[in-house]
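S.K.: A single structure is presented below for examination.
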Amino acid sequence: CLVINTAADKVEESDPRGIAANPEIGRLLDECKQVGGAFDVLFNCSNQVGVIEASPQHSAPLAPEQPSEVPTSSANVVVAQGELGPGADTAAMTEVKRLMGEIAGTIEEAARAVGPHESFAMSLRAAQLQIADRYAFLDPFAGEFEYLGGEIVLVGQLTIEELIVGLGDALSLTVAELARSTAYAERFRAYVSEDLRRLLASKRAEFERFSLDQLIEHLIEVVTAVEPVRESALTEPATKQ
């Protein structure tokens with residue numbers, strides 16, 4: 001068991017079987033209880049302990065090696081990388097964040113029309129946790145990505161390709177989960193499909209520049225492929241405006 005403090009002082013090592021008696025861990029947990037702190041836990045094999053080193057900052061996330069269970073179209077990656085590359089300027093990144101924020105906002109509005117106000121945010125967070133091992137910037141505890149009301153905020157270094165692929169996978173998982181969990185699946189599927197098609201038609205050229213039109217089509221395919229759930233006998237939700 002290794003405990004590394006913020007000053008990168010001497011690293012304390014102890015047998016994992018004696019964690020309860022480790023004074024460094026005791027102090028760490030006491031501090032967290034007092035201020036509501038969060039901390040990272042790194043797991044490593046005993047013969048690899050030497051590779052863990054204290055560092056003043058996190059390293060930049062690596063490009064994912066494995067596709068997610070609900071991948072976006074591979075064409076998204078090829079076109080985004082070919083046209084923009086990892087050195088794309090700030091203006092292009094700003095444009096991609098805006099467009100992807102509109103896609104996410106469209107799905108969020110559909111979710112709110114048939115379910116609890118926070119259902120989209122909770123499902124998106126769950127999706128981020130599910131794929132955070134492949135897309136480190138999506139880890140909710142890393143503080144590098146935030147979505148709120150159609151706006152996307154990024155902290156740290158990230159390429160356009162990573163944002164499109166990572167967030168695209170997260171949105172795919174999100175719409176699938178919402179379609180499975182809502183009591184009004186048919187209505188949600190119809191809202192998402194119609195609203196995303198309307199969004200694409202209104203700004204097709206902008207979406208096509210970054211191949212986000214293919215992401216939208218993929219999201220429509222994902223939500224329509226989910227098995228419908230029988231309508232709830234509870235009171236129908238208000239008509240979507």
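S.K.: Name the residues in segment 131-162 that are of a type in the set (Ser, Thr, Tyr) and either part of a loop (DSSP other than H, G, I, E, B) or loosely packed, with under 15 Cβ neighbours inside 10 Å (or both), would you? Working first, answer last.
M.R.: Of segment 131-162, the ones of a type in the set (Ser, Thr, Tyr) are 135, 147, 159.
Within segment 131-162, Tyr135, Thr159 meet the criteria.
For every residue, the table says whether it meets (1) surrounded by 18 or more Cβ atoms within 10 Å (Cβ to Cβ); (2) polar (S, T, N, Q); (3) closer than 18 Å to Leu171 by Cα; (4) within 19 Å of the chain's Cα centre (by Cα).
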site	(1), (2), (3), (4)
Ala91	no, no, no, no
Arg98	no, no, yes, yes
Thr106	yes, yes, yes, yes
Glu109	no, no, yes, yes
Ser119	yes, yes, yes, yes
Met122	no, no, yes, yes
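S.K.: Are there any pairs, at least 6 apart or on different chains, whose C-beta atoms fall under 8 Å, with the first in segment 113-134 and farther than 13 Å from Ser181 by Cβ and the second open to solvent by 20 Å² or more (accessible area, probe 1.4 Å) and of a type in the set (Gly, Ala, Ser), and if so, which?
M.R.: Close Cβ pairs satisfying both conditions: Ala113/Ala238; Ala132/Ala142.
S.K.: Select from segment 193-202 the residues that are crowded, with 16+ Cβ neighbours inside 10 Å and of a type in the set (Asp, Glu) and list them in ascending order. Steps first, answer last, please.
M.R.: First, the residues of segment 193-202 that are crowded, with 16+ Cβ neighbours inside 10 Å: 193, 195-196, 199-200.
Passing the criteria: only Asp195.
S.K.: Moving on. Among residues belonging to segment 183-202 that are of a type in the set (Lys, Arg) and at pLDDT below 95, point out the one that is nearest to Val114 (Cα to Cα).
M.R.: Going residue by residue through segment 183-202, those that are of a type in the set (Lys, Arg) are 187, 189, 197-198.
From what's left, at pLDDT below 95: 187, 189.
Values: Arg187: 7, Arg189: 10 Å.
Filtering segment 183-202 for residues that are of a type in the set (Lys, Arg) and at pLDDT below 95, the one nearest to Val114 (Cα to Cα) comes out as Arg187.
S.K.: So, one more: Only one of Ala190, Ala205 is farther than 22 Å from Glu227 by Cα, out of contact with any strand residue (DSSP E or B) (no Cβ under 6 Å at 6 or more places or on another chain) and surrounded by fewer than 19 Cβ atoms within 10 Å (Cβ to Cβ); which?
M.R.: Result: Ala205 is the single residue among Ala190, Ala205 that is farther than 22 Å from Glu227 by Cα, out of contact with any strand residue (DSSP E or B) (no Cβ under 6 Å at 6 or more places or on another chain) and surrounded by fewer than 19 Cβ atoms within 10 Å (Cβ to Cβ).
S.K.: Also, I was wondering about something else. Could you check Ala183 against (1) outside any strand (DSSP E or B); (2) farther than 17 Å from Ile107 by Cβ; (3) within 19 Å of the chain's Cα centre (by Cα) and say which number it fails?
M.R.: For Ala183, the exception is condition (3).
S.K.: I would also like to ask the following. With respect to Thr159, determine if the residue is among the polar types (S, T, N, Q), touching a helix residue (DSSP H, G or I) at 6+ places or on another chain (Cβ under 8 Å) and under 20 Å from Val96 (Cβ atoms). Talk me through it step by step, then tell me what you get.
M.R.: Numbers: among the polar types (S, T, N, Q): yes; touching a helix residue (DSSP H, G or I) at 6+ places or on another chain (Cβ under 8 Å): no; under 20 Å from Val96 (Cβ atoms): yes.
When the stated conditions are applied, Thr159 does not pass them.
The values are calculated or read from the model by the stated rules, or taken from the named source; none is laboratory data. In this text, all values refer to a predicted model and were calculated from it rather than measured experimentally. Cβ sites come from the backbone with ideal geometry, for glycine too, and all protein chains shown count toward neighbours. Accessible surface is based on the protein model in full, side chains and every heavy atom, while ligands, DNA and RNA are left aside. Shrake-Rupley method; radii C 1.70, N 1.55, O 1.52, S 1.80 Å.
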